[in-house]
Amino acid sequence: MVFGQALVGVPRAARAMCGVCGYNEGSAQHSFHNEPHWPSSSRRAYHWLNKGPKSAGLISPHSASRPSAGAQGDGEVCEMCTLQLQIQSSTVVDGMVKRAFQNQIIGSLTGLDDAACEASTETTFQWGGTSSDGMVLALTEEQNRASTLRLNFPKSTLTTYLSYSVTLSARVTASPEVRAEDALTFYVEPQALVALVTPSELESGEDSTVMLDASASYDPDGEEGGMNFEWRCAREGTNCRDRSGALLPPTWTSATLSLTLEGSVEGLVYSFNLKLSKAGREAEALVRVTMNSGPLPVPSIVALPGKVNANNKVSLTSSVESIAPATVTRAWSVAAEAGTAAIDLSTAASTPLNQADLVIRAGSLQARFGLSSAQVDSAYLFKLQAQDSVGPAFSTLRVVVNSPPAPGTFTVTPVSGTVLDTEFQMAAGGWEDEDTPLWYQLSYMVTGGETNPQQTMLNEYKPETRASTKLPEEGLEAFGREVQMFVTVRDALGAVTSASATVEVQPVVVADEAELTSYVDAQLASSLTLDSNGDVDASLLVVDGIASLLNNAGASRRRRRRERRRALLHEDAEEDAEQIAARSAQREVMMDLISSGKASLVSTDSTLERMSSSTEKVVGNAEEVAPELQSKGFSMMDSLVADAASPDTTATMTMGAVGSVGGALSNLVLAGVVNPAGGESAPNPAAQGLGILGAMAVTLASGMVDGEEGATVDTAVLSMLVQQDDLADPTSGAFAAPLLSPSGAAVSFPSSLGPALGGGSAAIKLLTSTVDPHVNISANTSAALRRLLEEEGALATGALESVSTAVTSIALSGADGKEMVVHGLSEAITFSLPLQAPDSDSAINETAPPQCAFFDTSTGSYSRAGCTARPNPRPPQVELNWWTLNASKVEGELRRMWSIDPSSSGFLSGCEESFEAVFPEYLGTDAGYRKFLGEGCVAADPENNASCWWQWDAQAFLGPGCVYDQEIHCLCTHLTDFKAVQDQEVGTLGPPKVTTVGADDMTSLTPGDVLQSITLLAVLGGLMTGCVLLAWLSNWAHHEGVSRKAVGSGLRGRHAGSPFLLDELLGKMVSRVKGGGRERECATDKLSIFRQLMTHHGTDNLWFKTIGETWTWSLMARFHPS
């Protein structure tokens, strides 16, 4: 069947009611008498009807009061405001529609002679109608969008065997007498019943119970009333008998059968025929059962409700009945029928081939086209082989792939034009499919525009083959301004195919910001008019175009601002602020247009994708997104996600919609940092974004099977990974391998987690935000966000006070969508968090090693209780591992959970590891101090070859040779929001803060710094006094004949490189020191006490440290008798 323009039948010509200009002699005023007329494309002119002689005292026509919006005239000729309306397209095919499908009727304003209309030409629409049984259609705004140009009939809302007559009327809102209408009649044809039996083929044993289930059979029309079932059995060469040899009944009338069949002959085949009937409609299904000896397992694959689409993923669900369920193993395989392209199941499946459920990735199954108009569907036979301790058995399911529409033609004219100016005419014709009606959607893609280019929608799916549209983006100059146009054609069952054409699109040219403002205002006025006249697609297209234009202009403004800063030029902040305020107001109007468009459309997959994509563009420049617009943007995203989760809509989250929602939320969170809402009660934008992202994750997981590949979002600010897993199966999903988030976080769950939570399926969510959702946004942001804000030009005010890593939320949601409470686990959860983005120089503060922290909702602050981290930095070539965890490891021992790999190049040579609580207040907590003891212990020796040793009081590896990992490895006994912090004060009870102050820090001090700090003066004074005392002791030892051997050669800094000599350090701050009654030059000639000390006496350790808030220093020397 060739499907062309979807308008079927001969609707009545559009009739417009217009006022006829007349004259009222009594009042000397113009009056307007309503009179019907048939509109034409030309303007109507009416002569003024004079019912009496003109009087000299009458008011001149030119000075008469202004006529109503219906007409204007000069007293002789009256020009009328006319309206032309047409039902342009519909899902009516050959005068009929199908109740089982969504149906749509689309009207169009084909003419509006608004030159004669002096008031607003906003148009009001209203649908109405009746059915052949005499009932008036109860059309509502919520279900049918009865006041828009698109009348929608959701699935199963029309009644079969009835005819319907629907009418569309339109009127100019400010002038009700200016109106028009059109009508369409159609018939609702019934569809065949669908008989489904699980399984469709089975091999079992005579001692096993065979279950045949047809309860999934259905009436596509969903009409009231039950269906009748009739089963009959046939057996090769004889009658059907049960295991005892008794004859089976000739028929069964239940939806399910439970039988034990005779299997005396190996490979005996039974055929069960199901006949389904309802109100004169019938359907049949056939099941083959092969019987063997023994109580074999009984596998079963749940039947699918019809043909599948190659462009969608396919999920198969199975079960296995066995007398030895603990021994059951499964194996999936597939065979292509003749003429169908074979597939490799190992790559096509997104789930393991040995589990109960099987998911085939979208695009893996191959549909085929017929060489003629008659299509031939491809088919695959999926087989589940089940084996237990008794033996093997199998079940099969035939999956038919719906053939997409056979390609037709697609043309676009003209072949070149200007963005938001040129009307491109598109036409599709000759597309064929047996599953009508066909739906058409237009999209475009800028050639060379993105690394992973995707098509951008221009309209919803519509049952119309022609369209006129402008394009919202220009082509790239490097690629000849080329833009690809696409038409995607979808049949009634959802199979799609597409065609493309190429056009050249030039940019709009504006001279300056003032001209840009005028241009955008004019386009917004056009979009508002389109929206008021019911053309949602065209209105949103204009919104997309001007949003892209403003985003490009904003990027240029930020680039100029950065260049001015680098050149130390004056920044015109006032001018920038005025431009930003104007753009923000324009963007808010765009957001209102998106909201209006959403209210006019039924929520579908394409609606969600279109609205989220437009919102992402509108909020695409953070500095132009004011708090009010942020609120509207978050509300829109929340509404779209709620629509996808609602059972009252057919909308689902496509991958395009998921990406756009994630992008819009990321832009909104960034805008919340750049333009924060005032007041203590203002919501944290990161908390809002993560909340909506988490809700979307739960919705996505509800459509997944256990172990299926997760869905992801990866943006500059937010990221998400969600996966559905069976908590009772420790061999699959998150229990078999770490989950890897797009943010770089990796999580591993212990096998005991499932039983601890009671088993069942759960959605595992990993959500990451570079903005901390739990603290004031100006008080704590991540290094990655800092770079983004620098690009936005938002750091000039110095609003950010500190930098930490991103926050990662790890959570589980049950079947009800609610988060599970996970805490106090006997086996901990391990995960790693990235400490820096790949392009940053460093995200690690070397004086404060990173720690794992979580947000404690009970205290409203971050804590480290129940968590620990592997040390970072660590010695080179030394691996740190988590111990094998078991139930005996309790929370109080978390600090002991990591260990040094014994094979790490002899680092533990001569060492004995011990733990002790050195302060009474830390007894009984996880704050025990790890020590490496023993004569010649390499791990604790500052002079080891690695130049990196374990410092027990700091509970960290120190030394210039230590290396930093760009991730932190954490272990926790609960789930919540985590981040890596570089402030050791975070948390409750723990070891005191012990920080080694590096030589670089000390040598950077000037004499002025020292003199202004009493603390530093006291520390350095004590150090110098101690050095003098050691020098005196050295001289005394020399006079007494004691020989010294240098053990160390100087102060070891925290950075790789040569050691720092003590006299070089202090030589920068003092000029000379006196001791023993004679001067010793300390800073000038290096022949000082410290040089003598280093050369002859040496030191084991020389440290500056802070313990808590107290600065300390230590200088130890070791003397050896000669």
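The values are calculated or read from the model by the stated rules, or taken from the named source; none is laboratory data. Keep in mind it's a predicted model, so treat the numbers as computed, not measured. Virtual Cβ from ideal backbone geometry, glycine too; neighbours counted across all protein chains shown. What goes into the accessible areas is simple: the full protein's heavy atoms, side chains included, and nothing from ligands, DNA or RNA. Shrake-Rupley method; radii C 1.70, N 1.55, O 1.52, S 1.80 Å.
Structure values in brief
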read-out: Rounded accessible area of residue 969 (nearest 10 Å², 1.4 Å probe); value: 40
read-out: Heavy atoms of residue 421 accessible to a 1.4 Å probe, total area in Å² rounded to 10; value: 100
read-out: Local electrostatic count, residue 667, Cβ distance below 10 Å [Lys/Arg +1, Asp/Glu -1]; value: 0
read-out: Listed residues 327, 607, 859 arranged by accessible area, highest first, probe 1.4 Å; value: 859, 327, 607
read-out: Accessible heavy-atom area order of 949, 883, highest first, probe of 1.4 Å; value: 883, 949
read-out: Three-way shape call for region 389-443 based on the alpha-carbon gyration tensor, with the a/c threshold at 1.5; value: prolate
read-out: Over 18 Å between alpha carbons, listed pairs 275/307; 278/307; 765/818; 470/632; 617/765; value: 275/307; 278/307; 470/632; 617/765
read-out: Net charge of Cβ neighbours under 9 Å - reference residue 274; Lys, Arg +1; Asp, Glu -1; value: 0
read-out: Shape category assigned to region 217-316 from the gyration tensor of Cα positions, a/c cut at 1.5; value: oblate
read-out: Two-site FRET efficiency, residue 879 against residue 236, from Cβ-Cβ distance with R₀ of 60 Å, rounded to 0.05; value: 0.35
read-out: Solvent exposure, largest accessible area first (probe 1.4 Å, DNA, RNA and ligands not counted), of 879, 588, 321, 708; value: 321, 879, 588, 708
read-out: Rounded to 5, percent antiparallel among DSSP beta bridges of region 658-777; value: 100
read-out: Prolate/oblate/rounded call for region 671-767, Cα gyration tensor, a/c under 1.5 rounded; value: prolate
read-out: Residue 177 accessible area, assembled protein chains, probe 1.4 Å, Å²; value: 40
read-out: Segment residue 244-residue 499, extension gain: residue separation times 0.36 nm, minus the distance between their alpha carbons; value: 85.6 nm
read-out: Whole-number D in µm² s⁻¹ for region 564-708, Kirkwood Cα-pair radius fed into Stokes-Einstein, 25 °C, 0.890 mPa s; value: 151
